[in-house]
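Here is the structure we will look at, set down as structure tokens.
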Amino acid sequence: MNLRERLESDAFIVTAEMGPPQSAGHGVIRKKAAHFTRVDGVNITDNQTGIVRLSSIAAARICLEEGLEPVIQVTCRDRNRIAIQSDLLGAAAMGIENILCLTGDYPTFGDHPEARPVYDLDSIQLIALVSAMNEGTLLSGQKLKTATRYLIGGAANPFARPLDARILRLKKKISNGARFIQTQPVFDLPAFHQWVERVRQEGLNEKAALLAGVMPVKSVRALTFMRDQVPGMRVHPDCISRMASAKDPEEEGVRMAVETINRLRETPGIRGIHLMPLLWESITPVILEKSNLARRTEP
């Protein structure tokens, strides 16, 4: 089944994330594709953290050729509504059917800090735009001869506060057409469970599939960076101490990721995971194997 069909079933969903190269070559994408053969969808990042990389749409087309189901990430940072709609028509024409709508990191995080951000739309408005295109209409009101048929996703940060504001944003994304939600990586399960409980109280998990983010890390430095430098990110002190005292930090990072997956699978309201092996895509099949997710059968 494709990602849309699995979301409509009772299957446990596994998506993962791939970073395109800083290169015009296609070989890196084809090589990385071999690590994602057992996932339901592969997110292709869109100039993540404001660093110039191969187009997410071009990389997604290569993934299609390699037999994967791509999810293009589209941010509002670099394009106005004209360019976004044009790119989405082009991606749809190439057979790409899944999209994750994001506002996008500010350019000062990346390798072109002097770049002028666009932000003509935000992620909620982008979701509404894609929904309209699925109905055959551009934002101008112009009718499309051939509508898109995107499966729309949005992102959520369970750890940002105030919590009420985060729940409100999630409601707006779902009401505008998001059918799956991928969260920031979970390094604080108690805080994450607090967010999930609120989501369940609002019944939002019944309207969109919640895919909890899981990020394997290689060092304590990576964790402290996220804790100290990534806005809205929370890392439980136990995670820091485990990585700091580990004889083999990479092995411990994998062990922590597997333990997190197992806990998330037991969490009511969670439909799947979104694996985020930042620049460590080769670890994906290892984590799936250790989590007993590598040989999933159709429901």
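The numbers here are math on the coordinates, done by the rules we state, and not lab data. Since this is a predicted model, take the numbers as computed values, not measurements.
Roughly how many whole Å is it from the C-alpha centroid of the stretch 141-202 to that of the stretch 1-67?
The stretch 141-202 and the stretch 1-67 have Cα centres spaced 20 Å from each other.
May I ask what percent, to the nearest 5, of DSSP beta bridges between residues of the stretch 66-176 are antiparallel? Working shown, then result.
Details: 1 of 9 bridges.
Here the share of antiparallel DSSP bridges comes out near 10 percent.
Based only on Cα atoms, what Rg/Rh ratio does the stretch 1-53 have, Rh being taken as Kirkwood's radius?
Details: Rg = 13.4 Å, Rh = 12.6 Å.
That ratio equals 1.06.
Based on the Kirkwood radius over alpha-carbon pairs, what is the Stokes-Einstein translational diffusion coefficient of the stretch 163-217 at 25 °C with 0.890 mPa s viscosity, in µm²/s? Intermediate results must be reported in sequence, preceding the final value.
Numbers: Rh = 11.6 Å.
Result for D is 211 µm²/s.
Along the three principal axes, how long is the stretch 3-290 when you take its alpha carbons, biggest first, rounded to the nearest angstrom?
Principal-axis extents of the Cα atoms in the stretch 3-290, largest first: 59, 46, 41 Å.
Output the 0 to 90 degree angle, nearest 10, between the alpha-carbon long axis of helix 249-265 and the longest principal axis computed from the alpha carbons of the chain.
The angle comes out near 70 degrees.
Please report the projected area of the stretch 167-299's Cα convex hull averaged over all directions, in nm².
Values: hull surface 35.1 nm².
The Cα convex hull of the stretch 167-299, projected and averaged over all directions, gives 8.8 nm².
Within straight cross-link reach of Lys171, meaning Cα distance under 19 Å, which lysines are found once same-chain residues fewer than 8 apart are removed?
Lys207
Starting from the Cα-Cα distance between Ser140 and Arg221, subtract it from 0.36 nm times their residue separation and give me the gain in nm to one decimal.
In short, 24.4 nm is gained.
Extent of the stretch 222-299 along each principal axis, from alpha carbon coordinates, in Å, largest to smallest?
For the stretch 222-299, the Cα spread along each principal axis is 41, 29, 22 Å.
Plugging the Kirkwood radius over Cα pairs into Stokes-Einstein for the stretch 87-242, at a temperature of 20 °C and a viscosity of 1.002 mPa s, what D comes out in µm²/s? Please list the in-between numbers first.
Working: Rh = 17.4 Å.
Once the numbers are plugged in, D ends up at 123 µm²/s.
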